[in-house]
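Reading through the structure tokens given below for one structure.
The values are calculated or read from the model by the stated rules, or taken from the named source; none is laboratory data. None of the values given here were measured: they were computed from a predicted structure. Virtual Cβ from ideal backbone geometry, glycine too; neighbours counted across all protein chains shown. Surface areas here come from the heavy atoms of the whole protein model, side chains and all, with no ligands, DNA or RNA. Shrake-Rupley method; radii C 1.70, N 1.55, O 1.52, S 1.80 Å.
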Amino acid sequence: MEQTLNVLIIDNDKGNRLAIERSLKQIVPLLNLSKVESRTKALALLKEVSFNCIFLGSLLSDGDGLSLLKEIQNMGVQAPLIVLTPPENKKITQEFMESGAWDYIIESMISPDILFKTLKNSMRIHEVEKELKVTNQQLRENNKILKQKNKELKQQQDQIHLKNLQLQEASRRQSQFLATISHELRTPMNAIMGFSQLLLRQYPDPLTDQQIDIIQRIFNNSQNLLTLINEVLDFSKLEIGQMDLNIGKFDLDILVRFTVEELSSLTLNKNLSLNVDIHLANNQVINDKNFLKRILINLLSNAIKFTPAGEIWVKVWEMNPERIAITIEDTGVGIAPEHLKTIFTPFHQVDQTLTRQHLGTGLGLAIVYSLVKMMQGEIHVTSQLEQGSVFRVEIPRRLSSNL
């Protein structure tokens, strides 16, 4: 014990005080020792001086040690407190220990060796407790900081959740608005196309070549606009969840051939052949017929649009009895590798310039992707620039109506 120890002895027994003093001087090189015999002096001294250790006897000149022990504790004194107990009274030793004394020494056994062991243990425990209190205080402060951080994090999460709800509502409103506008635009656009077709019949009076050309342009542009409107309408319905599966049984061979025939007119002004190759042991499919037709129309329209000359193949076969594969292969302009990962992104177009050759909303493939997923299918694409593209759609033959 190389540090200077401030020690207080509180005992009415002069012999006890002297025995502790002699023993301490033998084992503690640096010692500041204070000795009092009464409760009053002890309390006064404890208010002024901090001690490293306190020895407390059971009897004082103006009271008893047990009562003083409780007063010392109430003062918040942190020093180890060792009591001196008479050898014939085990009860008072027990009362002292139960009341919070750190250790005890029997009065008749006071010696340098006993005192050294008791003091060393008490000081060691005291240091551990001090460190523990510091650690606990740090933990309490850290917990307080953590609670504050958690509170702030919860507030941020609540704000983010609110923003997400607001964004979802804004997106829903936007999609609802687009769906409404698209629906409203289709009616006059159909009327324009209808009147254009009536004029092209040249009844009751024939038209000049210039008039026919103008009306044909009106019809063609109206048809293009209607296609754009339908894409916006379909995408908006998908966004707000208004497009539902309508599962039924249909003949896949007939659906594919009929759809290809419908679109064959788009190839008339091109040096382009449109071919069908179907190999099915069973033509019957239980899925959404309209969804699949829309997928075929979008993929075939793109293939025709981006293939100025050459050929397009629609191939259908069974991967296994429960899964169908459909590919649309063309010999068109192809897609650069850096664009393959984003072609199914809404509003994405390889050519984003205002002077691009091929017009469109950039929603066709995004709609195809969403419809394929709703049909529990997959879509893949491979392509090479100036050589063409292959879109492969895989769908289950049977889709449960419980989805």
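So what is the accessible area of the chain per residue, in Å², with the probe set to 1.4 Å? Intermediate results must be reported in sequence, preceding the final value.
Numbers: 24130 Å² over 403 residues.
Here the residues of the chain average 60 Å² of exposed surface.
Is the shape of the range 257-351 best called rounded, prolate or oblate, per the rule: a/c under 1.5 gives rounded, else a/b larger than b/c gives prolate, else oblate, with a ≥ b ≥ c the square roots of the Cα gyration tensor eigenvalues?
Cα axes put the range 257-351 in the oblate bin.
Between their Cα atoms, which of Lys47/Lys144; Lys151/Lys237; Lys35/Lys90 are more than 30 Å away from each other? Could the numbers behind the result be given before it?
Details: Lys47/Lys144 32 Å; Lys151/Lys237 39 Å; Lys35/Lys90 25 Å.
Listed pairs above 30 Å: Lys47/Lys144; Lys151/Lys237.
log10 I(q)/I(0), Debye, Cα-only the range 31-185, no solvent, q = 0.14, 0.18 Å⁻¹?
-0.81, -1.11
Tell me, what is the FRET efficiency for Gln376 and Gln159 to the nearest 0.05, using R0 = 51 angstrom and their Cβ-Cβ distance as r?
For R0 = 51 Å, the calculated efficiency reads 0.85.
Given 0.36 nm per residue, what is the gain on full extension from Lys47 to Gln3 after removing their alpha carbon distance, in nm?
Going from the current span to full extension adds 13.6 nm.
Can you pull the one-decimal nm distance between simple spin-label points at Ala309 and Ser111, each 7 Å off the Cα toward Cβ?
11.9
Report, to the nearest 10°, how far helix 209-239 tilts away from the longest principal axis of the Cα atoms in the chain, using its own Cα long axis and a range of 0 to 90°.
Approximately 30 degrees, to the nearest ten.
Could you compute Rg(Cα) / (2.2 N^0.38 Å) for the range 131-282, with N its residue count?
Compactness ratio reported: 2.05.
Please give the FRET efficiency for Arg257 paired with Lys151, using the beta carbon to beta carbon distance and R0 = 45 Å, rounded to the nearest 0.05.
That pair, Arg257 with Lys151, gives E of 0.10.
Subtract the Cα-Cα distance of Leu226 and Ile286 from 0.36 nm times their separation in residues, and report this length gain in nm to one decimal.
Contour length minus Cα-Cα distance gives 18.6 nm.
Can you send over the carbon and sulfur percentage of the accessible area for the chain, probe radius 1.4 Å, protein chains only?
Values: 12690 of 24130 Å².
With neighbouring chains kept in place, the figure for the chain is 53 percent.
What FRET efficiency comes out for Arg22 versus Asn74 if R0 is 30 angstrom and r is the Cβ-Cβ distance? Round to the nearest 0.05.
Step by step, r from the Cβ atoms, then E = 0.40.
If each of Arg186 and Asp64 carries a label point 7 Å out from its Cα toward its Cβ, how far apart are those two points in nm?
Here the modelled spin labels are 9.9 nm apart.
If you wrap a convex hull around the C-alpha atoms of the chain and split its volume per residue, what is the figure in Å³?
Working: hull volume 125.1 nm³, N = 403.
Cα-based convex hull of the chain, divided per residue, equals 310 Å³.
Cut-off under 23 Å on the C-alpha distance; same-chain residues fewer than 8 positions from Lys315 excluded. Which lysines are left, in chain and number order?
Lys249, Lys270, Lys289, Lys293, Lys305, Lys373
I need the peptides 92-99, 267-274 ranked by packing, meaning the mean over residues of other C-beta atoms within 10 angstrom, with the highest value on top.
Ranked by mean Cβ neighbours within 10 Å, highest first: 92-99, 267-274.
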